[in-house]
Structure formats: C-alpha cells, structure tokens
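Note sheet for the following structure.
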Amino acid sequence: MNRLDKLVGLMDDYMGALITPGTNFYYLTGLNPSATGERLFLLALNREGESVIIAPKLYENEVKENWEGRAIFWCDDENPYLILKGVLDELNLRGGKILVEDTMPAMMLVKIENILMDYELGLLSALTSKLRIKKDSGELKLMEKAAQVVDDVFHELIEKDLEGMNEKQVAALIEYLIKERADGISFEPIVAAGENGANPHHTPSDRKLKKGDLVILDYGAKYKGYCSDITRTIAIGKPSELALEVYDVVKEAQERAVQAVREGITAKEIDAVARGEITKKGYGKYFIHRTGHGLGLDVHEEPYIAQHNEIILEEGMAFTIEPGIYIPGRVGVRIEDDVAIINGKGKRLTKAGKELIVL
C-alpha cells in the first residue's frame, strides 16, 4: 500500500485533502518542487483515493517525470482557482470536512475558502503525523547518512583554528562543509560563544571566539530530504571551573537519557531522566526547554520529548536528546544526539564523541 492509500485509510471523518508543496507533499508524492511561491500548486485528494495535481506549466516536465497520476498544468494567462473549482466539483470536495496542509500560504487559503461551500477545515498533520512518526528501514538509513554527515563535519571543524573567527564565520564554515557532503542544511547553524551560549537559539554574531570560551555548535544536514541535528559544546583554551562543572552535568544527564531510550517508555519519562539529573546537581532552573524533538523530513516533528508528553515510544521513532544548562551572562552548554528505536532499543545515530574538546 502506498503512502497516499494509507492517508486515505485514515480519512474516515474527512471528505478529502488539499496538499501544497512541503514535507508532507514530498512524503506522499515523492515530488519536491522548489520556489513555487505564490503560484497555485497542490494535490487534491478525496477519500475514495482519487487525486489530481494542479501545477504551473513551468513544472510540467518535473511532475511528469516523477508522478504517474493525473495532473493539470496552468499557464500564466489562466486563473488556476477556476481550474481548482472544477476539480473540487469533480472530486466532490466542496462541502464537509476537508484537510489542508498546515503550511499552506494564507493568501492561497483565503482564495480557496472563497470556492468551498459549507465546509470545515482540519490540519493535514492530524493524519500525516500518524504516518510519519514511525520510520521504515529505508527512512532510517537515510537518517543515519544525514547523521554521519554532521559527525564528519564536526571532526573536520575541530581540526580548524577557530580562535579569532567570529560566530558568523564559523556558522558559514559549517554550512559550507555540510553542502560539500549533503543536500544542504536542515536549519541555520547556531554558533554561540561564551556568554552568548546562555541563549539557546542564539543568532550568530560578530562576536569572536576567544580563549576561555565554551562554544555551542548546533547544526544539521539534509540527506535525500531527511534531517539530522547535532549539538556539541567545545572549549577555546582552558575553560573556567564553572564551565567545566556545567559541562560534566549536561554530559551525564544527556548520556543517562540516551541510555534510557527503549520501546515502551513514554516521552515524559525520558525527559524526566535528563531533567532529574540536572536538578539533582542544582542547575534545574537553568534547563529551560524540552529534552528533545522528533526528527525526519522536518527537523522538528513528533514525538516531542517533553515533560508532559505521555506518548509511548515505539519501534522506528526517531528524535533528539538535547538537555542544556544556560546561566545568563556567564555560560551555556548543550549536548545533542539523534536517537532512533531499532529492535526495541535506542540507537544513537550521531556518534561524534562527547568528551569536552579543548582547542
């Protein structure tokens, strides 16, 4: 059964779906058109399994090479929403409950709403998250490759003379090294030196890396659409006693949480392992985010490894384990690995060492 058929099998309460390009579109169709922008490009699907792609004519070759189903292509002098109106009538999708892609542009959704009659909209992720949360063996192999890329980048990065470079320059170097090996980055790299490390999502700045700094390096790669996400914290010269202590606490908490991963445990139990270790050492108030997030075609997806998430972890689920301590104005430390449940146990996909590296 293909992925579209599986989605249809979950559509009991819905008449159909309207799916615009993005990771759900790629997962369901194998198509990943770029730069569609304001142009109407979508897949219309009803619960009988009938589907039609409506796309701008400039994507005709790409669609025909990769899609065996029906497709309608429109030219710039045509109104694609009139074409969509006819397709909705044909598929009986002008009433009832209809799923729409979560990331559909608002201007597109408003125009579509003017066509629909007596409808109720739902978010596509309500169903696709159930399909995507557990990866098959092929998906996991791609994720392992994406993880290998970020490991290799880390090993090359620590061979460089980073002292004196600014955060922006290191981030650009990371991006370059990833693009040499993979499709590209899965998110904009985070490089946070010294006191900037206390901001978990710090935007790289002109601040230079100098002796005594701990530096958070958080980055990811995309390989054939699948994401990796790693964080390592390194030192430039000898760090302070506080920095060393905080690093050891985070490292121990992260490793305990990784070792606790197995089929049948809940997400909140994994979070509690990491959070409990950090709290026990007196730094609980400085751990200000969840322990991890799911990983796949999106760098953030289900399951979320968070305090109140009671989801039971199952075979094929993949996620990050990334506790951190952030002391404002002083220091920040985060260590992150990608982990998947394979044969009932947690398997670390990212394998770069976690002992503190001093450059």
Margin query: Tell me which of 26, 282, 140 sits at the most positive position along the dipole axis of the chain, charges placed on C-beta atoms (Lys, Arg +1; Asp, Glu -1).
Written below: 282
Margin query: Using the crude model of +1 on Lys and Arg Cβ and -1 on Asp and Glu Cβ, and no other charge, please compute the dipole size for the chain relative to its Cα centre, in debye to 20.
Written below: 920
Notebook entry, point to check: Taking the Cβ of residue 22 as the center, what net charge do the other residues with Cβ under 13 Å away carry, scoring Lys and Arg +1 and Asp and Glu -1?
Noted result: -3
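How high is the relative contact order of region 68-135, in percent, counting Cα pairs under 8 Å that sit 6 or more residues apart? Kindly include the intermediate steps, with their values, before the conclusion.
Values: 41 pairs, mean separation 22.6, N = 68.
With pairs under 8 Å counted, the relative contact order is 33 percent.
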Notebook entry, point to check: 222 nm [θ] for the chain, helices only, -39500 (n - 2.57) per DSSP H run of 4+, per residue, to 500?
Noted result: -10000 deg cm²/dmol
Next item on the list: With +1 on each Lys and Arg Cβ and -1 on each Asp and Glu Cβ, and nothing else charged, work out how big the dipole of region 104-193 is about its Cα centre, in Debye to the nearest 20.
Entry: 400
Note to self: Under 5 Å between amide hydrogens, which residues at least 5 positions from residue 121 or on another chain qualify, with H placed 1.01 Å from N in the peptide plane?
What the structure shows: 98
Check: Tell me, what ³J(HN,Hα) does each residue in region 334-345 have, in order and in whole Hz, if you take phi through Karplus 6.51 cos²θ - 1.76 cosθ + 1.60 with θ = phi - 60° and put x for Gly and Pro?
Finding: 9, 10, 9, 10, 8, 10, 10, 8, 10, 6, x, 10
Margin query: Using alpha carbons only, how many angstrom separate the centre of region 142-175 from the centre of region 193-245?
Written below: 11
Checklist line | Note, ³J(HN,Hα) from phi for region 168-183, Karplus 6.51, -1.76, 1.60, rounded to Hz, x at Gly and Pro | finding: 4, 5, 5, 4, 5, 5, 4, 4, 4, 5, 5, 5, 5, 10, 9, 4
Notebook entry, point to check: So which lysines can residue 347 reach, going by Cα to Cα under 24 Å and dropping same-chain residues fewer than 8 places off?
Noted result: 130, 134, 135, 141, 145, 222, 224, 251, 268
Notebook entry, point to check: Relative contact order of region 1-85: what whole-number percent is it, with Cα pairs under 8 angstrom and at least 6 residues apart?
Noted result: 25
Margin query: Within region 288-332, what whole-number % of the accessible surface is contributed by carbon and sulfur, with the 1.4 Å probe and all protein chains included in the calculation?
Written below: 50
Check: Which percent of the accessible area of region 1-137 is formed by carbon and sulfur heavy atoms (probe 1.4 angstrom)?
Finding: 47
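Can you give the charge dipole size of region 1-79 about its Cα centre, rounded to the nearest 20 debye, using +1 on the beta carbon of Lys and Arg and -1 on the beta carbon of Asp and Glu?
The calculated dipole for region 1-79 is roughly 200 debye.
Taking every DSSP beta bridge that has both residues in the chain, what percent is antiparallel when rounded to the nearest 5? The partial results should precede the final answer.
Details: 42 of 56 bridges.
Approximately 75 percent, going by the DSSP bridge assignments.
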Notebook entry, point to check: Per residue, how many Å² of accessible area does region 20-69 show with a 1.4 Å probe?
Noted result: 46
Checklist line | Accessible area per residue in Å² at 1.4 Å probe, computed on region 226-315 | finding: 42
Notebook entry, point to check: Under the definition of Cα pairs under 8 Å and six or more residues apart, what whole-number percent is the relative contact order of the chain?
Noted result: 15
Checklist line | Dipole of region 211-359, positive end: most advanced residue of 225, 246, 321 [Cβ charges, Cα centre] | finding: 246
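The values are calculated or read from the model by the stated rules, or taken from the named source; none is laboratory data. Small disclaimer: the values here were computed from a predicted structure and weren't measured. Neighbour counts are summed over all protein chains in view; Cβ atoms, including those assigned to glycine, are modelled from backbone coordinates with ideal geometry. We work out accessible area using only protein heavy atoms, side chains counted, and drop any ligands, DNA or RNA first. Shrake-Rupley method; radii C 1.70, N 1.55, O 1.52, S 1.80 Å.
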